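Read through the structure below, which is laid out as C-alpha cells, and then see the notes.
The values are calculated or read from the model by the stated rules, or taken from the named source; none is laboratory data. Since the structure is predicted, the reported quantities are computational estimates derived from the model, not experimental observations. Glycine also receives a Cβ, built like all others from the backbone with ideal geometry; neighbour counts cover every protein chain displayed. The protein model used for the area step is the full one, side chains on, heavy atoms only, and it has no ligands, DNA or RNA in it. Shrake-Rupley method; radii C 1.70, N 1.55, O 1.52, S 1.80 Å.
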Amino acid sequence: MTDFSDPSGASLRLSDDERERAVGALQAHAAQGRLTDAELASRSSAARAAVTRGDLAPLFSDLPGPLELDGGAPATGSVRRPMAAQQSAAGYADEDASRRRPERWGYVVVSIVPFVALILFFVTGMAWGYQYSWLWFLLIPIVGAIAYGADGGRRR
C-alpha cells in the first residue's frame, strides 16, 4: 500500500495503470458521496496528469483509507465497501484459494516419492544391477504430474 506521508516514495514515477487505479479510487469515493461531480472531474484530470506518487498525495489527503497502487487489484478495493459486498468478495476469494490449493495428499505423496525412488534404486541396483535401476527416478515427475495435473494445480 502506498503511504503518501512517506517522503521516500513520493518521487517514484507513476505508470498508466497506477494513474487509472487512482482515478478508480476517486470514482469509488464519489459513488459513496464523498466527492461532488465537479470535484471528481477536477481530481480525475489531476490524477491522470500526475507524474509521481507525491503528485497524488493532495488528491487523497482528505479521503479515508489507503490507496493501493502496488498490487494487481484495482484501487477501488482499498475503499471500504458495504458488508454484503465484502462478504461476497470474501466468498469468491475463498473459492479461488481452494481451487488453487493442491490437495493435502499431493503434498504428502510428492514429498515421499523421491525417497521411495532412491530406496528402490539401491535395492533393485544391488539385486539386478544398476543398468536400469535409474528408471525409478522417473516416478518423481510422473507422480507430480498425476498429483498436480498439467496446470500445476491451479485448476483445483
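A few comments on the model shown:
- Selection from the stretch 98-128 of residues that are among the small types (Gly, Ala, Ser), modelled with pLDDT of 85 or more and open to solvent by less than 60 Å² (accessible area, probe 1.4 Å): 117, 125
- Pairs with Cβ under 7 Å, 6+ apart, first in the stretch 133-147 and of a type in the set (Val, Ile, Thr), second in a helix (DSSP H, G or I) and open to solvent by less than 60 Å² (accessible area, probe 1.4 Å): 140/113; 140/114; 140/117; 143/109; 143/110; 143/113
- Some residue of the stretch 78-91 being more than 30 Å from residue 57 (Cα to Cα), modelled with pLDDT of 50 or more and part of a helix (DSSP H, G or I): no
- Given (1) at pLDDT below 85; (2) in contact with an Asp or Glu (Cβ under 9 Å, 6 or more places away or on another chain), number of the condition residue 71 does not satisfy: (2)
- Every listed requirement among (1) at pLDDT 65 or above; (2) open to solvent by 50 Å² or more (accessible area, probe 1.4 Å); (3) assigned to a helix (DSSP H, G or I) is met by residue 144 save one, (2).
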